[in-house]
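Nothing in this text is a laboratory measurement; each read-out follows from the coordinates by a stated rule. A quick note: this is a predicted structure, and the numbers were derived from the prediction, not measured. Methodologically, a virtual Cβ is constructed for each residue, glycine included, from the backbone with ideal geometry; neighbour enumeration extends over all protein chains shown.
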C-alpha cells in the first residue's frame with residue numbers, strides 16, 4: 001500500500017495535484033487502465049489515468065491526447081486533457097521496469113446515464129437525448145475531417161486483419177472465424193476518403209460520456225480506443241447500443257419501428273453538425289457487423305490476458321448474428 005501511495009504521490013506532483021484526493025475508480029471487465037477521480041474540497045475536478053498494460057506505445061498515447069486537445073480547443077464537447085507541469089500531455093515513468101504512461105483529464109460535467117437508472121431528464125422526451133448524442137458525435141466527426149495530426153494513431157486493419165484474428169480466436173471457433181473473414185473482405189472494399197474515413201472514437205456509447213441533467217449537454221471522454229476507421233462505425237455503434245431501449249418489446253415490427261425512429265433522430269442531430277452520405281448509410285448493416293466483430297475481438301483479448309476462453313453466454317449471440325447473417329442484431333426477428 002505504501003509503495004502504491006508513494007508512486008501516486010509522485011504522479012500527482014507532475015500535475016500540481018498534491019492537495020487533491022485521488023480516489024480509484026473500480027475496474028470493469030476489459031478495462032485497460034488504473035483510473036482515479038481527483039477531488040478538491042469535495043468537488044470532482046480531474047480524472048487521472050495510469051496506463052501500464054504495455055500493448056501501446058508512447059506515440060499511441062500522444063496521438064490520442066493530441067486529438068482530444070484539438071477537439072476541445074475547437075469547441076467539441078469533450079473532456080480536455082490537462083498538460084503536466086512540464087507542459088506534456090503524456091508523462092512517462094517506470095514501475096518495476098515496466099513503462100507507465102500518465103495523462104490527466106478534466107472531469108466531465110454530469111453523470112453516466114446508468115448512474116441515473118437509465119432515466120433521462122425529468123419531463124424531457126428521450127428524443128432530446130437521441131438528438132444530442134447524434135449532434136455530439138457529429139461535432140467530433142466534423143472536426144476530425146479537418147484534423148492534421150503531428151502524432152498519428154493506427155488504422156482499423158492494424159488489428160482487424162486475418163492474421164491477427166486467426167491467431168487470437170482458437171480453431172474450435174471455425175464458423176465464427178470464417179464469418180469474420182468474410183466481413184473483413186467486404187470492409188476492404190469500402191471507400192477511404194476524407195468525407196467517410198478518419199479518426200473516430202471507436203467506443204462512443206453511454207458508458208463514455210456524462211450528461212448534464214440540467215441542460216442535456218453531453219461531454220465525451222475515454223478516447224483510449226480511437227483509431228482511423230469509417231465514421232459510420234461510431235454511428236453503427238450507437239445503433240447497436242440503442243437496442244436496449246426497445247429490447248423488451250415483444251413485437252419485432254414495433255421494435256424495428258422504434259429503432260428506425262431512434263436512429264433517424266440521431267441522424268438529425270448528427271447532420272446538424274456534419275453530413276453522412278447515403279451510400280454509407282446503405283451500408284449500416286455491414287457496420288453493425290463491424291461493431292459485433294469489435295465486441296467479439298475485445299472479449300477474446302480480455303480472456304487471453306487472463307488465460308481463459310470467453311463464456312459462451314458473452315459472445316454466443318453476437319457470434320450467431322455473424323455466422324447466420326442475422327440482421328439488425330435480431331431486432332426484426334420474432
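For 143, 281, the sequence from fewest to most other C-beta atoms within 10 Å is 281, 143.
Please work out the C-alpha center-to-center distance from the stretch 165-191 to the stretch 222-247 and express it in whole Å. Cα centroid to Cα centroid, the span is 20 Å. Contact order, relative form, for the stretch 2-106: 25 percent (alpha carbon pairs under 8 Å, 6 or more residues apart, mean separation divided by residue count).
Going by a ≥ b ≥ c, the root eigenvalues of the Cα gyration tensor, does the stretch 2-106 fall in the rounded group (a/c under 1.5), the prolate group (a/b larger than b/c) or the oblate group? Note, shape of the stretch 2-106 comes out rounded.
Between residue 181 and residue 305, the C-beta separation translates, for a Förster distance of 25 Å, into a calculated FRET efficiency of about 0.55.
Below 8 Å, C-alpha to C-alpha, sequence gap of six or more: please give me the relative contact order for the stretch 160-290 in percent.
24 percent
Helical content of the chain, expressed as a calculated mean residue ellipticity at 222 nm, amounts to -13500 deg cm²/dmol (DSSP H runs of 4 or more residues, -39,500 (n - 2.57) each, divided by residue number, nearest 500).
Among 43-52, 268-277, 227-236, 121-130, the peptide with the highest mean count of other Cβ atoms within 10 Å heads the list, and the full ranking is 227-236, 43-52, 268-277, 121-130. What shape does the stretch 132-254 have by the C-alpha gyration tensor, where a ≥ b ≥ c are the square roots of the eigenvalues, rounded means a/c under 1.5, and otherwise prolate means a/b greater than b/c and oblate the rest? Oblate. Between helix 58-73 and the chain there is an angle of about 80 degrees, using the helix long axis and the longest principal axis of the Cα atoms. Sort the stretch 21-174 into rounded, prolate or oblate with this rule: let a ≥ b ≥ c be the square roots of the eigenvalues of the Cα gyration tensor; rounded if a/c is under 1.5, and if a/c is not under 1.5, prolate when a/b is larger than b/c, oblate otherwise. Judged from the Cα gyration tensor, the stretch 21-174 comes out rounded (a/c under 1.5). Once the Cα atoms are used to define both axes, helix 2-13 deviates from the longest principal axis of the chain by about 90 degrees. Considering only alpha-carbon pairs that sit under 8 angstrom and 6 or more positions apart, the relative contact order computed for the chain is 18 percent. The ranking of 93, 133 by Cβ neighbour count inside 10 Å, starting from the fewest, reads 93, 133. What's the angle, to the nearest 10 degrees (0 to 90), between helix 231-241's Cα axis and the longest principal axis of the chain? Taking the Cα atoms of the chain, the angle to 231-241 is about 80 degrees.
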